[in-house]
Structures are given as structure tokens and as C-alpha cells.
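To start, the structure itself, in C-alpha cells.
FYI, it's all coordinate maths here, none of it is from the lab. Here the structure is a predicted model, which is why all the values come from computation and not from measurement. Here the Cβ is made from the backbone with ideal geometry for all residues, glycine too, and neighbour counts use every protein chain on show.
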Amino acid sequence: MSHFAILNLPTYDDTRGALTVLEKALPFEVVRSYWIYGADGQTRGGHRHTYTRQALVAVSGKVTMYMNDGVTEETLVLDHPSKCLLVEPKDWHTMSFADNAVLLVMSSHPYNRGEYIDTPYERPAND
């Protein structure tokens, strides 16, 4: 079980394919959505936020997430469009993209570069 919140979104499968629903599933109102693609083999992110919450879904392919909330570090894999990772403002995160991956990001606030925190958490001295 992950320390970080992963929602398993309702998904309906039949012979015609699958449909995943994101209705009333997030603990915040989405005011900004964007997707990242063409980042084959790249790592992006490397920050946390002052107040923005995010929900991330790999709608295609695989994205490996490194998460650190200052207490717990964990690496998670988003590899199915029914898995949604909640990223809280305190969560330092990086995203590593497999070939052809597409990551949908839904944010609680509009873009504001001023609320990004680019300094990672310090590791304890005994590490």
C-alpha cells in the first residue's frame, strides 16, 4: 500500500472497449488541465507547490513517479488510465516518461510560477 493517495477510478469494460470516469472523484475543483507527451525517456517536474493540488493520470503508457513529502519517499508507477495519483502541495515530485507515454495533469489552481518550490527536501545527515 502506498503512503501517497492513488485513486482507482471507476472503469467499465465490455466488448467495445473501456470507459473510465472521473466524475466527483477528486477532492478539489479542477481549474487547469494539461497533458505532457513526447517526453520519451525524459524526467520532468522536480518541484513542489505552495498551495496547488494536482491529480495525475497516465492516459497512455507508463510514467514513473518519485514522490517525497519530507517524511516519506516512494517511487510509484502510473501505467493504467484508471489509476489517478493525488499530488498534494507538500509533495516533491518528478515524473520519468517511458516511450509514448501521455500524462494528464489536473490542477486546483491556475499556473503561477511564483508558488513553485524548487528546493528539494534535505536528506537526514545519517543517510
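Quick look at the values:
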{"item": "Rg(Cα) / (2.2 N^0.38 Å) computed for the chain, rounded to two decimals", "result": "1.08"}
{"item": "Positive-end extreme of charge dipole, the range 1-50 - chosen from L22, L7, G46 (charges on Cβ)", "result": "G46"}
{"item": "Residue order, fewest to most surrounding Cβ atoms within 10 angstrom, among F4, F28", "result": "F28, F4"}
{"item": "Net dipole in debye of the range 26-109 [+1 Lys, Arg Cβ; -1 Asp, Glu Cβ; about Cα centre; nearest 20]", "result": "200"}
{"item": "Residue exposure sequence - H80, H3 - by fewest surrounding Cβ within 10 Å", "result": "H3, H80"}
